[in-house]
Amino acid sequence: APLVEPVSIDEAFMDLAGTESLHGPPAALAAALKEAIRERLGLTASSGVAPNRFLAKIASDFRKPDGLTVIAPEQVQAFIERLPIAKVPGVGPKSHAKLEGLGIRFLGDIRRFPEPALKASIGSYGGRLCELARGIDPTPVTPDSAAKSISSECTLEEDTCATATLTRCLLQQAEEVAAGLRQEGVKARTVVLKIKHADFRLFTRRTTFAPPTQSSKDLYRQAVRLLENARVTQKVRLIGLGATGFVPADAPRQQELFAVAERSRAGWEAVDRTVATIKTKFGDRVIRRATLKED
């Protein structure tokens with residue numbers, strides 16, 4: 001299909017309009033995809049086929065983990081009429097409680113309420129619910145949408161709270177995230193540290209700084225500072241580094257009063273670019289930081 005929009009590591013939307021001459025009916029293609037995934041990977045997959053992406057998402061979740069649900073255009077209103085309001089994306093616990101207080105249990109119940117009354121109760125999302133209740137979702141399938149964050153994480157071979165092990169992981173991740181920033185043509189203003197303890201408790205810490213950077217060294221320094229401030233005393237199972245708050249890499253910015261730090265930052269960004277060029281030409285293993293040497 002020409003229009004494919006990944007939304008997570010294992011989920012995507014496809015606009016199949018106009019592909020019938022290649023693949024046959026959309027339901028047949030969905031069944032063929034499920035079978036191909038089973039044959040190649042030995043995994044189940046769920047698919048939903050519907051006139052718009054909202055209903056396709058609902059349909060894909062309908063009979064997990066190995067379901068195929070098709071909502072034909074003439075079935076849309078009947079399906080919406082009995083769709084539990086809690087299953088509608090965007091309806092959280094608070095809005096769910098308010099809707100139930102109004103006697104709204106199914107999405108079809110929305111059609112019996114005027115839009116101003118819904119907006120007064122749950123805010124602007126009331127207008128969106130009114131559209132969905134009529135089977136309207138104009139949201140297009142948009143391939144190659146701009147990234148909002150870039151991250152790298154790893155599950156450790158052994159749970160540990162050894163600083164040397166954790167910072168070594170962060171250094172590797174800083175290089176991977178910096179490579180992602182260069183690929184997207186952006187610089188980041190925020191670094192996010194993610195830690196999962198041995199008991200699976202998860203926490204994140206973040207810091208925002210100026211000017212934005214594309215340097216693996218800057219990303220690493222910010223992540224290490226977050227790790228130090230977190231004062232980890234329990235063993236860690238997973239650690240990750242992310243970057244967000246993007247600006248275009250070529251965006252103009254205010255020059256710093258003292259240029260020493262700026263020259264250092266630009267120098268390390270140039271080092272990253274040079275190392276990337278060498279790896280592209282001669283392979284990933286030809287050059288690396290000594291800290292990351294495997295033995």
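Yes or no, residue by residue, for (1) more than 28 Å from ILE150 (Cβ to Cβ); (2) among the small types (Gly, Ala, Ser):
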site	(1), (2)
LEU3	no, no
VAL7	no, no
ALA12	no, yes
GLY18	yes, yes
ALA30	yes, yes
GLY42	yes, yes
Seminar exercise, completed: Of the candidates THR277, THR291, the one satisfying the condition of being modelled with pLDDT of 85 or more and either open to solvent by less than 100 Å² (accessible area, probe 1.4 Å) or under 19 Å from ARG168 (Cα atoms) (or both) is THR277
For this session: Please name all residue pairs, on different chains or six or more residues apart, with Cβ atoms under 7 Å, provided the first residue is in segment 266-278 and is more than 14 Å from LYS187 (Cα to Cα) and the second residue is open to solvent by 60 Å² or more (accessible area, probe 1.4 Å) and in a helix (DSSP H, G or I).
Result: ALA276/ARG182
For this session: Considering only segment 139-154, state which residues are open to solvent by 70 Å² or more (accessible area, probe 1.4 Å) and not in a strand (DSSP E or B).
Result: PRO140, ASP144, SER145, ALA146, LYS148
Exercise. Can we say ARG201 is open to solvent by 30 Å² or more (accessible area, probe 1.4 Å), touching a residue at least 12 places away in the same chain (Cβ under 8 Å) and charged (D, E, K, R)?
Worked result: no
Seminar exercise, completed: Picked from segment 155-193 (must be assigned to a strand (DSSP E or B) and buried (at least 19 other Cβ atoms within 10 Å of the Cβ)), the residue nearest to the chain's Cα centre (by Cα) is VAL192
Exercise. GLU20 passes all but one of (1) open to solvent by less than 80 Å² (accessible area, probe 1.4 Å); (2) closer than 19 Å to ALA72 by Cβ; which number fails?
Worked result: (1)
For this session: Of the conditions (1) within 22 Å of PRO140 (Cβ to Cβ); (2) open to solvent by less than 80 Å² (accessible area, probe 1.4 Å); (3) free of Cβ contacts under 8 Å to residues at least 40 places away in the same chain, THR44 clears all except one; give me its number.
Result: (1)
For this session: For LYS119, indicate whether it is loosely packed, with under 13 Cβ neighbours inside 10 Å and within 29 Å of the chain's Cα centre (by Cα).
Result: no
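The values are calculated or read from the model by the stated rules, or taken from the named source; none is laboratory data. Not measured: the values here are computed from a predicted model. FYI the Cβ positions are ideal-geometry reconstructions off the backbone, even for glycines, and counts take in every protein chain you see. What goes into the accessible areas is simple: the full protein's heavy atoms, side chains included, and nothing from ligands, DNA or RNA. Shrake-Rupley method; radii C 1.70, N 1.55, O 1.52, S 1.80 Å.
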